[in-house]
Each structure stands twice: as structure tokens, then as C-alpha cells.
Amino acid sequence: MSTSPQVAVDEEQPKPWYAAYPTQRNSASWVTKQTLLSWMEKGEIAGKDFILVDLRRTDFEGGTIRGSINLPAQSLYPTIPTLYTLLSKAGIASVIWFCGSSRGRGSRAAGWFSDYIQDQNDTKMKSYALEGGIKGWVTAGEEFIRMMDEYDASAWTSEEK
């Protein structure tokens, strides 16, 4: 009985979604969950005093930080000029991006938006990634969970989270 040798197939791996866009020039600046919580506890309001952008798409479950808007990262890059125009006309000075951990989508979006802000010579608006992302927020304690919309504890107890 003969066995045929295994032939290595050189299959090209699909490129990640963000490969279609330029690498961000600026590294993300970070805001801590404690800082964001203190803003909210002082009465600052998402959508008025700052913008929170939840970049999750298929993993958008279990709730989000109060007042966040959901703009999936995969469709964000082409909308940056329009988003900037809307936020600058509204006088928003801080844009905070987050995803599950903010180590991928969150930091990438913060960098892209920071690049655009810089290209506009805007010295007032700042772009930040939320340190620890939504997972860090949820695991930080009850005072953070109280500042969530549509919180579902069962979504956070799975080992996949």
C-alpha cells in the first residue's frame, strides 16, 4: 500500500478588513475608564460633552456604555470626514472609541480619527481609545455597570467573553 506524499498548499490567507485602509500615522491616545466614569458622574453627557463610539459589530451584545453610538469599525474609515464635520459643528472636543478590548479596533479608530483631526489643523478636538474597552468597563465593578445601557449580565458570564 503506497501513500502519497502530503503536498503543502500555499493558500493565501484573507487580509484583515483594515488592510484596505492606510495605517494610522498617530498612535492612539488613551482615556482610562476611571476618567470617563468621573466625567459621567460629574454630569457630563455623552452626545453633548463628548462622544462615545462603540465599534463592535457582530460582538455588539451585553450592553454598551451609556450614550454610546454604534459605528462598526469595518465601515468606519470612509465615514471619518462626515463624522468629523458633524462633531466639529456640534462643538464636540473629545471622541472616545472602544471595542471589546480597545487593543485593535478601538486604538486603530482613535489613530485614524486623530490623523484626520491633525490634517484639519484642529487643535481643539481630541481622539481617544478607552483603555480596556467594554470588557474592562464591565469587569471594573457595579459603579461602571450602572453607567451602561441595555446591560445583560448573562452576556458577560460566558467564557468566550
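Observations on the structure shown:
- Taking every DSSP bridge with both residues inside the chain, close to 10 percent are antiparallel.
- Put a dot 7 Å past the Cα of Arg146, heading toward its Cβ, do the same for Arg103, and the two dots end up 3.1 nm apart.
- Cut-off under 5 Å, modelled amide H: who pairs with Gly47 long-range: Leu52
- For the chain, the carbon plus sulfur part of the accessible surface works out to 49%, probe radius 1.4 Å.
- Helical contribution to [θ] at 222 nm, DSSP H n ≥ 4, -39,500 (n - 2.57), averaged over the chain, rounded to 500: -8000 deg cm²/dmol
- Protein heavy-atom accessible surface, 1.4 Å probe, per residue over the chain: 60 Å².
- Cα centroid of segment 16-38 to Cα centroid of segment 91-161, whole Å: 8
- Cross-link pairs Lys48/Lys124; Lys33/Lys126; Lys15/Lys135 - those with Cα-Cα distance over 23 Å: Lys15/Lys135
- Coordinate range along principal axes, alpha carbons of segment 69-116, Å, largest first: 29, 21, 20
- Positive dipole terminus of segment 1-135, leading residue within Tyr18, Ala93, Trp112 (C-beta point charges): Ala93
- With the simple spin-label model, which puts each label point 7 Å out from Cα in the Cβ direction, the Thr82 to Gln120 separation comes to 1.5 nm.
- Shape index of the chain: Rg/Rh, with Rg the Cα radius of gyration and Rh the Kirkwood radius from the inverse mean 1/r over Cα pairs, equals 1.11.
- Relative to the current alpha-carbon distance between Ser38 and Tyr21, full extension at 0.36 nm per residue lengthens the span by 2.7 nm.
The values are calculated or read from the model by the stated rules, or taken from the named source; none is laboratory data. Keep in mind that what you see is a predicted model, and the values were worked out from it rather than measured. Counting neighbours? That spans all protein chains shown, and the Cβs are built from the backbone with ideal geometry, glycine included. Heads up: the accessible areas ignore ligands, DNA and RNA and are worked out on the full protein's heavy atoms, side chains in. Shrake-Rupley method; radii C 1.70, N 1.55, O 1.52, S 1.80 Å.
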